[in-house]
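K.L.:
Take a look at this one; I'll ask things after.
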Amino acid sequence: MLMRWSVGIEAEGDRIMKLEEVVELADAVAPISGIATGIGTNRYGTQVVVFADNREEAIEKGKEHFTSAVQKAGLPVYPIVRVEAISEEEDAAGDL
């Protein structure tokens with residue numbers, strides 16, 4: 001069953017991310033309702049919304065968007081250190 005998922009991904013590297021770099025990343029994910037993080041840290045990340053049948057598919061789609069956004073923003077490719085996906089249903093259940 002197709003559901004909305006929020007997928008968060010972070011990559012960690014060997015230098016501090018500049019404001020301009022994270023803004024570029026934010027611009028790259030904005031068309032897909034995404035946000036970017038990482039200003040002043042040695043990590044950068046995105047959170048995007050995808051539609052998928054299950055968590056594994058959501059993570060795969062999230063990683064595709066992440067990789068594309070990193071490339072579009074011209075950021076260095078760092079290893080991914082965190083991936084999480086939560087369905088809209090799970091998120092709503094957590095509010096009870």
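The values are calculated or read from the model by the stated rules, or taken from the named source; none is laboratory data. Keep in mind it's a predicted model, so treat the numbers as computed, not measured. A quick note on method: Cβ atoms are made from the backbone with ideal geometry, for glycine too, and the neighbour counts reach across all protein chains shown.
K.L.:
Examine segment 49-58 for a residue that is exposed (fewer than 14 other Cβ atoms within 10 Å of the Cβ), touching a strand residue (DSSP E or B) at 6+ places or on another chain (Cβ under 7 Å) and of a type in the set (Phe, Trp, Tyr), and state whether such a residue exists.
P.N.:
yes
K.L.:
A further question follows. Search segment 70-92 for residues being touching a strand residue (DSSP E or B) at 6+ places or on another chain (Cβ under 9 Å) and of a type in the set (Gly, Ala, Ser), and hand back the single one that is farthest from residue 35 (Cα to Cα).
P.N.:
Restricting to residues being touching a strand residue (DSSP E or B) at 6+ places or on another chain (Cβ under 9 Å) and of a type in the set (Gly, Ala, Ser), the top hit is 87.
K.L.:
What number of residues in segment 20-42 are surrounded by 14 or more Cβ atoms within 10 Å (Cβ to Cβ), among the small types (Gly, Ala, Ser) and not in a loop (DSSP other than H, G, I, E, B)?
P.N.:
Here the count works out to 3.
K.L.:
Taking segment 1-14 as the region of interest, how many residues are part of a loop (DSSP other than H, G, I, E, B) and under 17 Å from residue 67 (Cβ atoms)?
P.N.:
Result for segment 1-14: 1.
K.L.:
Still on this structure: Return yes when residue 49 is in contact with a Lys or Arg (Cβ under 7 Å, 6 or more places away or on another chain) and either not small (Gly, Ala, Ser) or not in a loop (DSSP other than H, G, I, E, B) (or both) and no when it is not.
P.N.:
For residue 49, the condition - in contact with a Lys or Arg (Cβ under 7 Å, 6 or more places away or on another chain) and either not small (Gly, Ala, Ser) or not in a loop (DSSP other than H, G, I, E, B) (or both) - is met.
K.L.:
Got a sec? Which of 56, 24 is of a type outside the set (A, V, I, L, M, F, W, C) and out of contact with any helix residue (DSSP H, G or I) (no Cβ under 6 Å at 6 or more places or on another chain)?
P.N.:
56
K.L.:
For segment 68-88, which positions are farther than 12 Å from residue 5 by Cα, among the hydroxyl-bearing types (Ser, Thr, Tyr) and either surrounded by 14 or more Cβ atoms within 10 Å (Cβ to Cβ) or at pLDDT below 95 (or both)?
P.N.:
78, the sole residue that qualifies.
K.L.:
Another question, if that's okay. Among (1) in a strand (DSSP E or B); (2) crowded, with 19+ Cβ neighbours inside 10 Å, which single condition is residue 17 missing?
P.N.:
Of the numbered conditions (1) in a strand (DSSP E or B); (2) crowded, with 19+ Cβ neighbours inside 10 Å, the odd one out for residue 17 is (1).
K.L.:
Report, ordered by the first and then the second residue, all pairs with beta carbons closer than 7 Å, sequence separation of six or more or different chains, a first member in segment 43-66 that is touching a residue at least 12 places away in the same chain (Cβ under 8 Å), and a second member that is outside any strand (DSSP E or B) and among the basic types (Lys, Arg).
P.N.:
50/61; 52/61
K.L.:
Give 91, 95, 53 a once-over and let me know the one that is over 20 Å from residue 11 (Cβ atoms), modelled with pLDDT of 95 or more and over 11 Å from the mean Cα position of the chain (by Cα).
P.N.:
53
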